[in-house]
1. Rounded to the nearest 500, what is the 222 nm mean residue ellipticity of the chain from helices alone, with -39500 (n - 2.57) per DSSP H run of 4+ residues and division by all residues?
2. Given an 8 Å cut-off on Cα distances and at least 6 residues of separation, report the relative contact order of the range 247-383 as a percent.
3. Only Lys, Arg, Asp and Glu count, each charged at its Cβ (+1, +1, -1, -1), so figure out the dipole size of the chain about its Cα centre, rounded to 20 debye.
4. Between Asp304 and Ile375, what length in nm is gained on full extension when 0.36 nm per residue of separation is reduced by their alpha carbon distance?
5. Apply the Karplus parameterisation 6.51 cos²θ - 1.76 cosθ + 1.60, with θ equal to phi minus 60°, to every residue of the range 353-367 and state each ³J(HN,Hα) to the nearest whole Hz, in sequence, with x for glycine and proline.
6. Rank Lys241, Lys92, Lys356 by accessible area, highest first, at a 1.4 Å probe radius?
7. Once you have the Cα-Cα distance between Glu273 and Lys98, take 0.36 nm times their residue separation minus that, and quote the gain in nm to one decimal.
8. Could you go through the range 161-172 in sequence order and give the Karplus-derived ³J(HN,Hα) for each residue, using 6.51 cos²θ - 1.76 cosθ + 1.60 with θ = phi - 60°, rounded to whole Hz, and x for Gly and Pro?
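The values are calculated or read from the model by the stated rules, or taken from the named source; none is laboratory data. Here the structure is a predicted model, which is why all the values come from computation and not from measurement. With ideal geometry, Cβ positions are generated from the backbone for all residues, glycine too; neighbour counts draw on all protein chains shown. Side chains included, ligands, DNA and RNA excluded: accessible areas come from the protein's heavy atoms. Shrake-Rupley method; radii C 1.70, N 1.55, O 1.52, S 1.80 Å.
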Amino acid sequence: MQELTFTTSVVGSFPRPKWLIEAFDRYNKGEISKEELDEYLDDAVKLTVKEEELAGLDVITDGEQRRTSFVAFVGQKIPGFKLIYVTDINPKAIEIMKQYKAQLTYWRAVAVEQIRDSVIALDEFKFTRSVTDRRIKVTLPSPYLIMWETWDAKYSRQVYPQPEDLAQDYIKVLRQEIIRLRDAGVDFIQLDEPMLGDLVEARENEPDRYRKVIEAIHGQKYRGFKNELYLARDLINEAIKGIDGVRIGMHMDRWPNPDSPFYGIGFERLAPEVYDIKVKQYVLEYASPGSGDPAVFAKDLPSDKELGLGVIDVRNPQVEDPQTVVQRVERVVGVLDPRRIWLNPDCGFAPGMYRKFERRIAFSKVRSMTEAAKILRRKYGEK
Ligand SMILES: [Zn+2]
């Protein structure tokens, strides 16, 4: 089979319908049962899958409709994590986030006991498979992200003296889940690694704004730029070592802040180590202002790897027209073979359940992207 050029996909989440968020709230108040909530969730996934199909995407997701957030949902899935509200961990948490202009999800999944093997996304995948014939991407939190997000000096230290100990146990669970998903026929497994993406804005002796917030709230200590980079690389490689037969990617974003001296610099800041991470595809934010030039990252990309290029801004409600998207892709067309270029938005449209983004705007943006892919294929791609 000839490989597709300019394959289109999404990063993961799609905005949830209002009625789903209301159902979540009613469930939390005890007004509806788990069975009733599950019906809402199934309906929301069917709706999202249908919208992604209508938008013309080649590889779809379930829009993460069942997850409260892309990372905190492990608190509902994996025994050993507990969901704790951020001000119960640190009463000043909200002020700290404002001070550093770095927003974390308020419900924190925190490791409180030894974590144990459990399904993370296989159940989600099986349902999605039952309602679509398209190729499916499944997203999973990456081990380096989990280490930074879920270790807390007060709650976790008894069972995990160091954050790295927790990461090792999570890797065991994650490997099992990746193998289960592969065996079930998933096309693309994406490890979400925004904490590594944020490192673009860190200095050797000064962490980026997200790590400053986590240091203040959870008590984890920054290891220095290079050590963090080595640790991330090694943890991810350990999680996927020897697993073949499925496309594995890694997503990084960074929400560039105009105040930062690294505004305008891209993920090449994490080179060369970032290229030694043994994933097939890097799914990267490059459409939002200040995220740098993707050609700089792409020119040193090892030849067996793909770039999932962020071509849709997920913070700006203005819908890009297809020509704008084409121009964004053309920044890397001379550098990479079109079979190695995938198109996706910069990030999920709603990584957390309550993030507001209009569904119809998200749909139009994705539609623009698939229209752009058609133009690009006529111009550079399939014969
Ligand atoms: Zn993202």
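1. Helix contribution divided over all residues of the chain: -12500 deg cm²/dmol.
2. Normalised by residue count, the contact order of the range 247-383 is 24 percent.
3. So the dipole magnitude of the chain works out to roughly 300 debye.
4. Length gained, Asp304 through Ile375: 23.0 nm.
5. 4, 8, 5, 7, 7, 5, 4, 5, 6, 4, 4, 4, 5, 5, 4
6. Correct descending sequence by accessible area is Lys356, Lys241, Lys92.
7. 59.8 nm
8. Result, ordered by residue: x, 10, x, 4, 5, 5, 4, 4, 5, 5, 4, 4 Hz.
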